[in-house]
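The values are calculated or read from the model by the stated rules, or taken from the named source; none is laboratory data. Quick caveat, the model's predicted, so the values are computed rather than measured. Cβ atoms come from the backbone with ideal geometry, glycine included; neighbour counts cover every protein chain shown.
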Amino acid sequence: MSQQSSEAEMERLKKQLGLVPHPSGYGAFRKMFKGDREVVFTSPTSHDGPRSTATSIYFLLTQPHCVTWHEHLSDEGFYWHAGGKVKVRMLTDGGTLSSVTLGDVVRHEDCMGQSIVPHDTWYCAELQEGAAYALYSAVVTPGE
């Protein structure tokens, strides 16, 4: 796919899905769901109070951006929809490094259509070589 057609496709996706710039400064997103019930933890956790049951967003990651290393306090699922491959790297408190490549499972045997990052795990995500963008959903449970 040419750079021009990739750019047109990204613009179409932004318009079609109502995506706006992400507060982090990279990519675009749209919040699709926030649970109307709250979860209250009964055992010690990193969260500082009640949380919604879940939140879900569309996220459009574009070159040259990446999702930098950060830690999520909740479990987070990623679900690939379109575009190129995305490598999600995870680092546990114990120092174990692992990765999953999100992408088109029909066209690429090395890809998965979804990946789960467990709570309290550090992770980052980056587009793989040749990918102008990737569209995926992220579901966080419990949510914000």
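Computed quantities for the displayed model
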{"item": "Restricting segment 10-34 to residues that are at pLDDT 95 or above and assigned to a loop (DSSP other than H, G, I, E, B), the residue that is nearest to L61 (Cα to Cα)", "result": "L19"}
{"item": "Identity of the residue in segment 12-55, among the aromatic types (F, W, Y) and within 20 Å of the chain's Cα centre (by Cα), that ends up surrounded by the most Cβ atoms within 10 Å (Cβ to Cβ)", "result": "F29"}
{"item": "Segment 125-144, subset among the hydroxyl-bearing types (S, T, Y) and either more than 10 Å from the chain's Cα centre (by Cα) or at positive phi (or both), residue surrounded by the most Cβ atoms within 10 Å (Cβ to Cβ)", "result": "Y133"}
{"item": "Matching residues, segment 56-66, being surrounded by 20 or more Cβ atoms within 10 Å (Cβ to Cβ) and out of contact with any helix residue (DSSP H, G or I) (no Cβ under 8 Å at 6 or more places or on another chain)", "result": "F59, L61"}
{"item": "Residues satisfying the stated conditions in segment 27-45, i.e. touching a Ser or Thr at 6+ places or on another chain (Cβ under 9 Å) and either farther than 24 Å from A8 by Cβ or of a type outside the set (G, A, S) (or both)", "result": "K31, M32, F33, K34, G35, D36, R37, E38, V39"}
{"item": "Pairs, first over 14 Å from C66 (Cα atoms) in segment 16-32, second exposed (fewer than 11 other Cβ atoms within 10 Å of the Cβ) and at pLDDT below 95, C-beta under 8 Å, six or more apart", "result": "none"}
